[in-house]
Structure formats: structure tokens, C-alpha cells
1. To the nearest 20 Debye, how big is the dipole of segment 20-137 about its Cα centre, given +1 on the beta carbon of each Lys and Arg and -1 on that of each Asp and Glu?
2. Based on the alpha-carbon set only, what is the convex hull volume of segment 63-116 divided per residue, in Å³?
3. Order of Asp103, Asp202 from fewest to most other C-beta atoms within 10 Å?
4. Taking 41 Å as R0, compute the FRET efficiency from the Cβ-Cβ separation of Asn130 and His248 and round it to 0.05.
5. Tell me, what is a quarter of the convex hull surface for the C-alpha atoms of the chain, in nm² with one decimal?
6. Lys/Arg Cβ at +1, Asp/Glu Cβ at -1, dipole of segment 163-298 taken about the Cα centre: which of Asn172, Ser208, Gln190 is farthest positive-ward?
7. Output the 0 to 90 degree angle, nearest 10, between the alpha-carbon long axis of helix 2-18 and the longest principal axis computed from the alpha carbons of the chain.
8. I want to verify a result. In a Gaussian network model of the chain, Cα cutoff 10 Å, which of these has the top mean-square fluctuation: Arg262, Arg95, Arg156?
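Read-outs: derived from the displayed coordinates by stated rules, not from any lab. Here the structure is a predicted model, which is why all the values come from computation and not from measurement. Cβ placement follows ideal geometry from the backbone for every residue including glycine, while neighbour counts extend to all protein chains displayed.
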Amino acid sequence: MERRYTILLLLLFVFSANAQIVDIPDPNFKNALVHFEVVDTTGNGLGDSVADTNGDGEIQLSEAEAVIGLIVSYYSITSLEGIQSFTNLEVLKSRGNFVETVDLSQNVQLEWLHLSTNPLISIDVSHNTNLKRLFVYNNELTTLDVSQNVNLESLRCYTNNLTELNIANGNNTTLDNFLAYENPELTCIQVDDEDFANAQPDWIKDDSAVYSEDCTLGVADIENEFQLTLFPNPVTQVLFIDSPLQIHGAILILDVQGHVIRHIAASNTIDVSALHSGIYFLKIASERQTVVKKFIKK
């Protein structure tokens with residue numbers, strides 16, 4: 001009899017351990033996990049399953065650990081507390097919520113993190129060294145450091161309040177797409193190599209910011225003499241470039257996603273009449289520096 005009780009207690013202990021419940025204090029986050037298809041099981045970027053696979057209204061640790069892709073966008077979530085238990089997560093998309101901070105220190109398998117359009121004020125991704133895509137645009141970030149994210153291929157941090165941005169991860173050559181415009185207080189972006197950074201067609205920043213290998217020098221110590229003006233802006237037909245320095249090489253027109261849509265020979269006048277209405281960027285180089293200027297096509 002005593003042996004039976006021992007076995008029963010052991011089985012209860014094992015069951016209890018397997019059924020450990022993850023604490024998810026935000027009701028909207030928990031509701032999304034339990035009742036909506038927010039888990040991507042196929043890797044196609046779309047949710048196709050609930051996280052609560054046993055239907056008990058809770059998220060067990062085993063259920064959290066089974067999730068590879070999680071898409072919880074536009075669920076009015078204010079806290080992602082509990083995400084730490086999703087230790088095998090490779091993709092997390094939480095756009096259009098109300099998240100201000102998030103602890104991702106345990107999510108070391110993350111490769112794609114999409115937290116755009118939140119009131120996010122800070123984020124630490126130093127533990128997420130597998131990250132390839134980081135989208136944190138339309139937030140309230142003041143600092144961003146991705147110097148530990150050596151596998152980064154795409155970084156979109158535009159429309160924030162950034163004053164400090166460090167992308168010097170020792171592997172900038174893999175960063176194919178970098179969008180940091182509409183950060184008016186950002187004056188310096190720390191990079192691996194200034195010349196390489198200035199030569200990248202798919203890297204877009206405000207013209208008030210410069211690339212530097214050491215932003216601690218201060219803006220006054222960084223040469224930024226290539227000033228130019230675009231007019232008229234907005235424009236309907238022909239865009240004029242007023243610059244004290246000679247333009248070298250092709251001028252690039254880029255869309256808001258950083259894609260090059262036109263190559264134009266060096267000139268101080270550009271016919272943009274064929275462009276659709278919207279926001280565009282000109283990437284222009286002199287002998288010493290490259291700048292990006294925004295213009296609006298009516």
C-alpha cells in the first residue's frame with residue numbers, strides 16, 4: 001500500500017511539473033493566446049493555431065515552449081509579461097499595441113522581432129544575438145544599441161525620439177536595409193566604417209545625422225560640410241538641387257522602405273513628374289560625404 005501511495009505521489013508531481021502554468025498578467029495578451037490563432041506553426045508569417053492547445057484556458061510551460069512564431073498584433077496589449085517562458089520563440093510580432101517595455105532576455109532564439117507602432121520607450125536586445133530583423137519604428141525610443149546583434153540584416157527604427165543609436169556590431173556588411181529617418185534629435189550614428197556606411201543605397205537617415213566610428217567625439221568634431229537644399233518641395237515636375245559642392249556619381253531616388261527606384265546621372269535638376277504622389281528620398285554624394293534628403297511628390 002505504501003508503495004502505491006509513493007507511486008501516486010510521484011505521478012502527481014510529474015503531472016504538476018508538466019502542467020506548470022505561465023503567469024500572463026495582461027488579460028488581452030492572455031486572451032489572444034487562449035482564444036485566437038496567434039501561433040504560426042508553418043512559418044508563413046500567419047497565425048494558424050491557438051497557444052492553448054489543450055483548451056484548458058491557461059498556457060502551460062510546455063505549450064509556451066512549443067511556440068516558434070507568435071503574432072499578437074493589434075490586441076490592445078499593454079504588457080508582454082510571460083513572454084520569457086516562450087524560450088524557443090524565433091519570430092515575435094506585436095505591432096499596434098500599447099507596450100512600453102519588454103523583457104526579451106530569455107528569448108535568445110529570436111530571429112525576427114517586430115514591435116512597431118507601440119509607445120515603446122526602451123528595449124534591450126543585447127541577449128538576442130540571433131536577431132536578423134528588428135523593426136521598432138513608430139515608437140518613443142530615445143536610445144537603441146544593436147552592437148551585440150552580429151547577425152542583423154534589417155533594422156527599421158524610423159519615427160522615434162532617438163538621440164543615441166549604435167549599430168557598430170562588427171558586421172555591418174550584412175545589414176542590407178537600415179531606416180533611421182524621422183529622428184530629428186539624432187545627430188550621430190555609430191557604425192563600423194564611415195565610408196562603408198555612406199556608400200550604402202538602402203541606409204536612410206536624416207541629413208542632420210552623420211555616421212561615425214566614434215560618436216563620443218561630438219557632432220562639432222565630425223565633418224559635415226555637404227549642405228544642400230531641394231526646391232520646390234513639395235514638387236510636381238522638376239526638382240532643383242542647390243549645393244555648394246559638386247555632385248559625384250549617380251543620384252538615387254528611394255521610396256520610404258529604402259528601396260532604390262531610380263538611378264539618375266549627376267545633375268542639379270531632376271524630372272520627377274513620372275513618380276506617384278508620396279514621400280521619397282534623394283541620396284546624393286560629394287567627394288567627401290553622402291547625404292539623404294526627403295522630398296514630397298504631389
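1. That gives a dipole near 480 debye.
2. 67
3. Asp103, Asp202
4. Rounded to the nearest 0.05, the efficiency is 0.60.
5. 18.9
6. Going by the Cα projections, it comes out as Ser208.
7. The answer is roughly 20 degrees.
8. The residue that fluctuates most here is Arg262.
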